[in-house]
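Report on one structure; see the data block that follows.
The values are calculated or read from the model by the stated rules, or taken from the named source; none is laboratory data. Predicted model, so just to flag it, every value in this text is computed and none were measured. When we count neighbours, we look across all protein chains shown, and the Cβ atoms used for this are built from the backbone with ideal geometry, even at glycine. To get the accessible areas, we keep the full protein, side chains included, count just its heavy atoms, and leave off ligands, DNA and RNA. Shrake-Rupley method; radii C 1.70, N 1.55, O 1.52, S 1.80 Å.
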Amino acid sequence: MTRVLVVEDDPQLVRALVINLQARRYGVDPAPDGTTALRIAAARQPDVVLLDLGLPDMDGTDVIRALRGWTRVPILVLSARRASDEKVAALDAGADDYITKPFSMDELLARLRAAVRRTDDVPLAPEMTLVMTDGFTIDLLAKKATRAGHDVRLTPTEWHLLEILVTNPGRLITQKHLLAEVWGVSQSNKTNYLRVYMAQLRRKLEADPAHPRYLITEPGMGYRFES
């Protein structure tokens, strides 16, 4: 049974989540504050965490950082905070996804299933370094991309950007993180760099660059690779 830790101080929302999750055979552990959540997480080892940011005893981003000190469990933020900087802060702290309240239960359950699928995937081993899609193949060891049987010429910067995305399938990688990793911390506000290089990657790899299937933009937040 997949165990879900629900960190939320709104009793009505907790009740709705518990009913819907248990009806779909998830095990549910509710926690009304961050301190309780961290204690339950250590004791119960949940498979997924649903986390509100506005907790009575600490900010949800502090809970994310505390969890990331010892676990890679998927963390899905459920929050009424809509500002881009709030979303980016949570994602940079280590959250895997961000769902804005109010949300539909169907959307939440779909994102929850996606998070569980990603944790079920076998990590890339050193001898298993091929990332294969219906559109292209990435050989991480040889640092080579092929599309329709032909090599795709990528610049070192394009390759670095692509490598970060494909080794984190399904996970939203923030603009700030990508800029710091590829261009350095001093360039972490140069979002135009990302737009230019992502457009180049899509032209080289996507069948329809204007409607990408694999290299997805999350407006105002970052990018994700969908395999």
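Is region 14-27 home to any residue that is touching a Pro at 6+ places or on another chain (Cβ under 6 Å) and not in a loop (DSSP other than H, G, I, E, B)?
Here is the first cut: in region 14-27, the ones touching a Pro at 6+ places or on another chain (Cβ under 6 Å) are 14.
Still in the list and also not in a loop (DSSP other than H, G, I, E, B): 14.
Yes.
Examine region 4-23 for a residue that is under 24 Å from residue 171 (Cβ atoms) and either open to solvent by 30 Å² or more (accessible area, probe 1.4 Å) or polar (S, T, N, Q) (or both), and state whether such a residue exists. First the steps, then the outcome.
Taking region 4-23 first, the residues under 24 Å from residue 171 (Cβ atoms) are 4-8, 17, 21.
From what is left, the residues that are either open to solvent by 30 Å² or more (accessible area, probe 1.4 Å) or polar (S, T, N, Q) (or both) are none.
Scanning region 4-23 turns up no residue that is under 24 Å from residue 171 (Cβ atoms) and either open to solvent by 30 Å² or more (accessible area, probe 1.4 Å) or polar (S, T, N, Q) (or both).
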**Prompt:** How many of the residues making up region 43-79 are outside any helix (DSSP H, G or I), more than 17 Å from residue 92 (Cα to Cα) and open to solvent by 40 Å² or more (accessible area, probe 1.4 Å)?
**Reply:** 5
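Yes/no matrix, rows are residues, columns are (1) over 30 Å from residue 83 (Cβ atoms); (2) open to solvent by 30 Å² or more (accessible area, probe 1.4 Å); (3) among the acidic types (Asp, Glu); (4) touching a residue at least 12 places away in the same chain (Cβ under 8 Å):
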| position | (1), (2), (3), (4) |
| --- | --- |
| 139 | yes, yes, yes, no |
| 145 | yes, no, no, yes |
| 163 | yes, yes, yes, yes |
| 175 | no, yes, no, yes |
| 181 | no, yes, yes, yes |
| 190 | no, yes, no, no |
| 220 | no, yes, no, yes |
**Request:** Can you work out which of the residues in region 113-133 that are assigned to a helix (DSSP H, G or I) and at pLDDT 75 or above is nearest to the chain's Cα centre (by Cα)?
**Result:** 115
**Message:** Are there helices (runs of 4 or more DSSP H) fully within region 141-227 with at least 3 residues that are among the polar types (S, T, N, Q)? List them.
**Reply:** 191-205
**Item:** Subset tally (residues that are assigned to a helix (DSSP H, G or I), under 19 Å from residue 225 (Cα atoms) and in contact (Cβ under 8 Å) with a residue 12 or more places away in the chain) for region 91-112
**Value:** 4
**Residues located in region 89-109, provided they are open to solvent by 20 Å² or more (accessible area, probe 1.4 Å) and out of contact with any helix residue (DSSP H, G or I) (no Cβ under 7 Å at 6 or more places or on another chain)** = 100, 101, 102, 103, 104, 106, 107
